[in-house]
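Scroll down for the structure; my scribbles are underneath it.
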């Protein structure tokens, strides 16, 4: 594919059809119109305006300094640059933890900027907030496992869900989010076996990042996948620029690898 594939923007119903058909869903982070257009042209189904922009765009050590205004600005740019992908906006640290009402105000701002869904971190403790948002017309993607906004509580960027007790907690968290109305959930940096079990347990889309190939789809940070800047990356990162002739070629290779379940491979996954 060499041009934007879009005639209309994908909806939750379109993603549900892919999920029901067993087709892997491809999600990339995007922060600007140019990369949004590139990823659209490669056939990516979902673009996530991630709070990872704090790291890769703003140069922070964590995602914590990112604001709602930052996410809204980049969401609008990504929407202008793309025609087909479903757009998901991260809710940054401090924008939803205080109360469901606070979460709704900030989620509404991101929807007004162009998001079709918001993503928030946390498990059972966030179920009431998820339910509050969904009941008021805001689709929600959950996020469990390694939750970067809680990096200081977790003691660093460590694999989560290891051991029976931790695995049971994570399964309960994922179930609580689904029961509250979340229609998608990101599983980050957990053992591949656990991610497969959670995916089998749930009736909603699971998107893995460092969670093995058995999730319903995969999300990649665009700067990691294209080796920008070069250097040491997390275990689950694959450099799709290696052997590629262009950024477009690399993006198409990434889409094909997810669709065929050749990425992530064993070398990109964590053991229980």
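The values are calculated or read from the model by the stated rules, or taken from the named source; none is laboratory data. Nothing here was measured: the structure is a model prediction, and the numbers come from that model. Here Cβ is always computed from backbone atoms with ideal geometry, including for glycine, and neighbour counts include all displayed protein chains.
Structure above, values below:
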read-out: Residue among 67, 75, 11, 29 that alone is exposed (fewer than 15 other Cβ atoms within 10 Å of the Cβ), under 19 Å from residue 141 (Cα atoms) and modelled with pLDDT of 95 or more; value: 11
read-out: Hits in the stretch 210-224 - residues which are free of Cβ contacts under 8 Å to residues at least 40 places away in the same chain and crowded, with 24+ Cβ neighbours inside 10 Å; value: 215
read-out: Residue in the stretch 182-194 that is on the phi > 0 side of the Ramachandran plot and in contact (Cβ under 8 Å) with a residue 60 or more places away in the chain present; value: yes
read-out: Filter pass, residue 110 being more than 20 Å from residue 146 (Cα to Cα) and crowded, with 20+ Cβ neighbours inside 10 Å; value: yes
read-out: Considering residues of the stretch 175-190 that are out of contact with any strand residue (DSSP E or B) (no Cβ under 6 Å at 6 or more places or on another chain) and in a helix (DSSP H, G or I) only, the residue nearest to residue 124 (Cα to Cα); value: 176
read-out: Options 190, 185, 205: the member that is modelled with pLDDT of 95 or more, under 16 Å from the mean Cα position of the chain (by Cα) and under 19 Å from residue 135 (Cα atoms); value: 185
read-out: Number of the condition not met by residue 207 [criteria: (1) outside any loop (DSSP other than H, G, I, E, B); (2) in contact with a helix residue (DSSP H, G or I) (Cβ under 7 Å, 6 or more places away or on another chain)]; value: (2)
read-out: Residues of the stretch 122-153 satisfying the condition of being surrounded by fewer than 24 Cβ atoms within 10 Å (Cβ to Cβ), at pLDDT 95 or above and under 19 Å from residue 190 (Cβ atoms); value: 122, 123, 124, 125
read-out: Verdict on residue 115 being assigned to a helix (DSSP H, G or I), touching a residue at least 40 places away in the same chain (Cβ under 8 Å) and under 17 Å from the mean Cα position of the chain (by Cα); value: no
read-out: From 166, 172, 196, residue being closer than 17 Å to residue 219 by Cα and surrounded by fewer than 19 Cβ atoms within 10 Å (Cβ to Cβ); value: 196
